[in-house]
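The values are calculated or read from the model by the stated rules, or taken from the named source; none is laboratory data. Note that the structure is predicted; figures quoted are calculated from it, not measured. Heads up, the Cβs are rebuilt from the backbone with ideal geometry, glycines too, and the neighbour counts pull from every protein chain shown. In case anyone asks, the SASA skips ligands and DNA or RNA and just uses the protein heavy atoms, side chains included. Shrake-Rupley method; radii C 1.70, N 1.55, O 1.52, S 1.80 Å.
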Amino acid sequence: MKAFLILEDKTVFSGISIGSKKDIISEIVFNTSMTGYLEVLTDPSYAGQAVAMTYPLIGNYGITPDMESKKAWPDGFIVRELSRIPSNFRSEGTIQDFLTTQDIPGIAGIDTRALTKILREKGTMNGMITTNENYDLEEIIPKLKAYKIGDVVSKVTCKEKYVLPGDGPKVALLDYGAKKNIAKSLNDRGCEVTVYPASTKAAEIIEANPEGIMLSNGPGDPEANVQIIEEIKQLYQSDIPIFAICLGHQLMALANGAKTYKLKYGHRGGNHPVKDLENGRVYISSQNHGYAVDGSTLGKEVAEEAFINVNDKTNEGFAYKNKNIFTVQFHPEAAPGPLDSGYLFDRFMDMMKGAK
């Protein structure tokens, strides 16, 4: 069956329908990872977006147990070539069956290189995936321009708290759309991890007396999370060590008076270089975000810049002054990789030990 990807600038790509046959309108973004398409599909940070994979062949190793959450989150999936026969001893099925089961529509056989160039030159834009060959551009374009991602954190967070047992430090993980490997990275280091819904009050977290707090990644515009930011202000006032990733990093900055802004086309992929300003080293990182913190808007007396993006010099992390708090924009838990910055979890472990 034919499928069409229609962008709000009236560009139309024609391809083959994969997965669900329903029509969707979403924000169209691209990911430059060469592997890890299953981790991309199950990353809650993609809620409200349709993802185009820039690597041309997708699905060649099938569907494996490497899921970052219990379900897929993107609105749609866009690929150049879909492998019809996976080859991998761990494969449990094909990506086309997975998309159908997860009710995610997609399109294959389009020029994803051309699509990516459009998004890089004109910026991220909304689009529609449809199987309707009689589509009406004049009717569709206003709908595309009107689309907003809205409140997606409440959709992706866990519904009630749960505990991953461990005999080490007790860590409270605020789930704003947390990838599974964040909790696992802590659990592997012996931590007892209690995962809390995004709406949990700061008083409940503090009363539980954790030895550390993690603020997770998540989707959407960080400034839309007004109530969460108010709770983070209270967590900031406590003396509990805090480590924040991606959306959590942005929310901590907003809680301290900083501003965020939307990037032209975001950072999404497993090949983004970041520089640790403390030691001068550059690490290759996994990233997935469409917004960034304006480092100049966070007071120098509050925090100092700890990481920057080597490509575009955007902020990638802060070390907060007179507080056991550090935050990063990238994903040290990787999944699928690279693993360069996994040492940040060890830094958090040392911070919790030093705070005792």
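Just a few scattered comments:
- Close contacts from segment 89-108, counting a first residue that is assigned to a strand (DSSP E or B) and a second that is open to solvent by 50 Å² or more (accessible area, probe 1.4 Å), with Cβ to Cβ under 9 Å and a gap of 6+ residues or different chains, come to Pro105/Lys21; Pro105/Lys22; Pro105/Asp23; Ile107/Ser14; Ile107/Ile16; Ala108/Ile16; Ala108/Arg80; Ala108/Glu81.
- Check on Glu192, open to solvent by 20 Å² or more (accessible area, probe 1.4 Å) and either under 21 Å from Gln329 (Cα atoms) or modelled with pLDDT under 95 (or both): no
- Here Val328 clears all of (1) surrounded by fewer than 20 Cβ atoms within 10 Å (Cβ to Cβ); (2) touching a helix residue (DSSP H, G or I) at 6+ places or on another chain (Cβ under 9 Å); (3) closer than 17 Å to Lys259 by Cα except the condition numbered (1).
- Residues within segment 48-104 that are among the small types (Gly, Ala, Ser) and touching an Asp or Glu at 6+ places or on another chain (Cβ under 8 Å), tallied: 4
- Every residue from segment 224-241 that is farther than 13 Å from Ile325 by Cα and either touching a residue at least 40 places away in the same chain (Cβ under 8 Å) or buried (at least 24 other Cβ atoms within 10 Å of the Cβ) (or both): Ala224, Asn225, Ile228
- Qualifying residue in segment 249-265 (condition: closer than 22 Å to Thr200 by Cα, under 13 Å from the mean Cα position of the chain (by Cα) and not acidic (Asp, Glu)): yes
- Inter-residue pairs, beta-carbon under 7 Å, first over 14 Å from Val163 (Cβ atoms) and touching a residue at least 40 places away in the same chain (Cβ under 8 Å) and in segment 192-217, second among the hydroxyl-bearing types (Ser, Thr, Tyr) and surrounded by fewer than 19 Cβ atoms within 10 Å (Cβ to Cβ), 6+ apart: Ala198/Ser154
- For segment 147-167, a residue qualifies if it is surrounded by fewer than 17 Cβ atoms within 10 Å (Cβ to Cβ), touching a Gly at 6+ places or on another chain (Cβ under 8 Å), in contact (Cβ under 8 Å) with a residue 60 or more places away in the chain and at negative phi, and exactly one does: Asp151.
- The set of residues in segment 109-136 being in a loop (DSSP other than H, G, I, E, B) and either of a type in the set (Ser, Thr, Tyr) or closer than 18 Å to Leu41 by Cα (or both) consists of Thr124, Thr131, Tyr135.
- Residues that are assigned to a helix (DSSP H, G or I), touching a Leu at 6+ places or on another chain (Cβ under 6 Å) and modelled with pLDDT of 95 or more are absent from segment 166-178 altogether.
- Among residues of segment 331-356 being among the aliphatic types (A, V, I, L, M) and outside any helix (DSSP H, G or I), the one that is most open to solvent (accessible area, probe 1.4 Å) is Leu339.
- Ile205 under 23 Å from the mean Cα position of the chain (by Cα), β-branched (Val, Ile, Thr) and surrounded by fewer than 24 Cβ atoms within 10 Å (Cβ to Cβ): no
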